[in-house]
Amino acid sequence: MSNTQQPSFDVETLKQYVNLANSRLGTEVIYVTDDWFAEANRMLNPDAPVWKEGVYDDNGKWMDGWESRRKRQAGYDHAIIRLGVTGMIKAVDIDTSFFTGNYPPSASLEACFSAAGDPTADTEWTEILPAVNLQGDSHHLHTLAGQFSEQPWTHLRLNIFPDGGVARLRVYGVPFKDWSSQSADELVDLAAALNGGRALACNNQHFGHMSNIIQPGKGINMGDGWETARRRTPGNDWVILALGHAGTIEEILLDTNHFKGNYPDKCSIQAAYVTGGTDDQIETQSLYWQELLPQQKMQPNQEHNYKAEVNDLGPVTHVKINVFPDGGISRVRLLGKVSK
């Protein structure tokens, strides 16, 4: 029986999850059978692949991805990838953008959990994505079902049959964190993507995806944040986050880094402890959530820290960030103590 199913979502929907194969998280290829034409770590670049017309290097046409030589003997090529963040994998995208006469006819994906270090010859691998057919210059989205999507993995092995090129490997999932070892007295960013936080819904994300605001580190540019279109009607824009773990929020950081002529004039945050319903029902549930952070004036290109202004609501699981009337935010940090 297949462990995968064809997805009912698109690439944009998957962005509510973390791409665990993102090189910015420390993910890297630690072994590859062959990458003669294009270095294997290129396929872990979080940016979209590009085509460079007429660009060649000493080994041939420059390609934005991993590309092996044409195989002249039995076997197939593979790359072993160490994830920068251990996580539960929900879906994968094998992207062959710009690979037309040089893409692999099929590929599969294996995984292992190796807490002691990198895998060895004795490591047991689990096939989480059986061999699937590939097409040139295409996305290939596959969801993982059952136990394979619920257990954490540290390493992946991408197999291509028999050779060829893959522009990007994207592995969408939820970072694994052992919350049982988290001290109840220590502040932790409950909304961080690396702690399992997710951006669930927003009313608009015309210029920047909502999931950017909970990514690690500072935003690299204005595109690496959540930015709405210019509002031409009454009201305000908003985004809803699911925390990685229920907790009491004590300190909030809202960063408008890079947003200068397009930052929100004001902001506020609502929150609630949600016990029922599904992700797609969360917008309706948020209508009457309590006020965690009363409306605050915002400034361009600046970190805004709030502590005394934060209301004590006790443990919460979800927050709704309101911006008035529109604009962009680079990062959000919700520091709190976990509820056991």
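The values are calculated or read from the model by the stated rules, or taken from the named source; none is laboratory data. It should be emphasised that the depicted structure is a prediction, and the values quoted were computed from it without experimental measurement. Glycine also receives a Cβ, built like all others from the backbone with ideal geometry; neighbour counts cover every protein chain displayed.
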(request) Determine if the range 188-203 includes at least one residue that is more than 30 Å from Asn322 (Cβ to Cβ), modelled with pLDDT of 95 or more and crowded, with 21+ Cβ neighbours inside 10 Å. (result) no
(message) Checking Asn41 against (1) part of a helix (DSSP H, G or I); (2) loosely packed, with under 15 Cβ neighbours inside 10 Å; (3) modelled with pLDDT of 95 or more, only one condition comes out false. Which one?
(response) (2)
(message) Take Ala121 and tell me if it is surrounded by 13 or more Cβ atoms within 10 Å (Cβ to Cβ), assigned by TED's automatic domain parsing to the domain that holds Ile30 and either modelled with pLDDT under 95 or aromatic (Phe, Trp, Tyr) (or both).
(response) no
(request) Tally the residues that are within 14 Å of Gly165 (Cβ to Cβ), surrounded by fewer than 21 Cβ atoms within 10 Å (Cβ to Cβ) and among the acidic types (Asp, Glu), restricting the search to the range 44-66. (result) 0
(message) Here is a check on your reading of the model: is Val29 at pLDDT 95 or above, in contact with a Phe, Trp or Tyr (Cβ under 9 Å, 6 or more places away or on another chain) and surrounded by 18 or more Cβ atoms within 10 Å (Cβ to Cβ)?
(response) yes
(request) Would you confirm whether any residue within the range 124-140 is touching a Pro at 6+ places or on another chain (Cβ under 8 Å) and either of a type outside the set (A, V, I, L, M, F, W, C) or in contact (Cβ under 8 Å) with a residue 40 or more places away in the chain (or both)? (result) yes
(request) Spot the failing condition for Asp185; the list is (1) charged (D, E, K, R); (2) within 24 Å of the chain's Cα centre (by Cα); (3) under 18 Å from Gly314 (Cα atoms), and only one is missed. (result) (2)
